[in-house]
Amino acid sequence: MRLWGLPLRGHGDSGLYTFCRWLAVPLFGGLYRCRVKGTEHLPRKGGVMVITNHKANIDPVIVGMICDRPLRYMAKKELFGNAALRKLIVTLGAFPIDRGAGDRAALTTSLGILAEGGVLLMFPEGHRQPDNAVHEFLPGVGMLALRSGAPVVPLAMDGTQRMMPGGRPGLPALRARMGPPLDLSDLTARGSKAYQEAARRMHDAVAGLYAQL
């Protein structure tokens, strides 16, 4: 069942995840007129990486609402300091990352999620970029893609950066477009050059979709 093309229940959702969809879809699909194209490109089963640009704090919620499978995603470790917030975001798929250091635990968790057939959401720009461009992707996302061998599905979003312009609420139309999985099968080497090339291809795919929004 869908409303404005957005799923009201996803494959593998927990009860809480579905409840959050029922809250999010009327709000963002109705009030913010969120519309998305290309969601048929998300594989129905098996491990997959969804890569997208990052404009605002609300982005993980929007992507979670768009995709019809529950997501796992990294969140800065500071968010896990509050017990109530930690319980909520962990239930909704978050796991911590220490952005100030090479976090091997976050890498291990990410590879485990993909190996177990989950959907891993990644924001390869590294930080929020509240403008109208797609910025360079960090090579770590290329490493994760090549080491896991999981399909990589590009997604471009626009509008969330205008929801709170200057700290004041706005009502922009939200738009998103998902593309087919990328073919990285020719990148058989393992090393910084291969990881950078994979990240470059991912960036170009997302940027190409962004130009179509």
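The values are calculated or read from the model by the stated rules, or taken from the named source; none is laboratory data. Treat the numbers as computed from the prediction; the structure is a model and nothing was measured. Neighbour counts are summed over all protein chains in view; Cβ atoms, including those assigned to glycine, are modelled from backbone coordinates with ideal geometry.
Here is the figure for the range 145-157: residues that are out of contact with any helix residue (DSSP H, G or I) (no Cβ under 6 Å at 6 or more places or on another chain) and under 14 Å from ILE113 (Cβ atoms) total 3. Scanning the range 169-195 for residues that are in a helix (DSSP H, G or I), touching a helix residue (DSSP H, G or I) at 6+ places or on another chain (Cβ under 7 Å) and more than 24 Å from ASP59 (Cβ to Cβ) turns up SER192, ALA194. Output the residue which, of all residues in the range 154-204 that are closer than 19 Å to ARG128 by Cα and free of Cβ contacts under 8 Å to residues at least 60 places away in the same chain, is nearest to the chain's Cα centre (by Cα). Per the stated criteria, the residue is ASP204.
Restricted to helices (runs of 4 or more DSSP H) entirely inside the range 1-118, those with at least 1 residues that are of a type outside the set (A, V, I, L, M) and at pLDDT 90 or above are 15-24, 59-66, 104-115. Number of residues in the range 71-98 that are free of Cβ contacts under 8 Å to residues at least 24 places away in the same chain, closer than 18 Å to GLY140 by Cβ and of a type in the set (Lys, Arg) equals 2. Consider the range 171-213 and keep the residues that are over 19 Å from GLN161 (Cα atoms) and of a type in the set (D, E, K, R). The one that is surrounded by the fewest Cβ atoms within 10 Å (Cβ to Cβ) is ASP186.
In the range 115-127, the condition of being surrounded by fewer than 19 Cβ atoms within 10 Å (Cβ to Cβ) and closer than 16 Å to GLN196 by Cα is met by at least one residue.
Look at LEU8 and say whether it is in contact (Cβ under 8 Å) with a residue 60 or more places away in the chain, of a type in the set (A, V, I, L, M), surrounded by fewer than 18 Cβ atoms within 10 Å (Cβ to Cβ) and touching a helix residue (DSSP H, G or I) at 6+ places or on another chain (Cβ under 7 Å). No. Of the residues that make up the range 15-22, is at least one under 22 Å from MET163 (Cβ atoms), free of Cβ contacts under 8 Å to residues at least 60 places away in the same chain and under 17 Å from the mean Cα position of the chain (by Cα)? Yes, the range 15-22 has at least one match.
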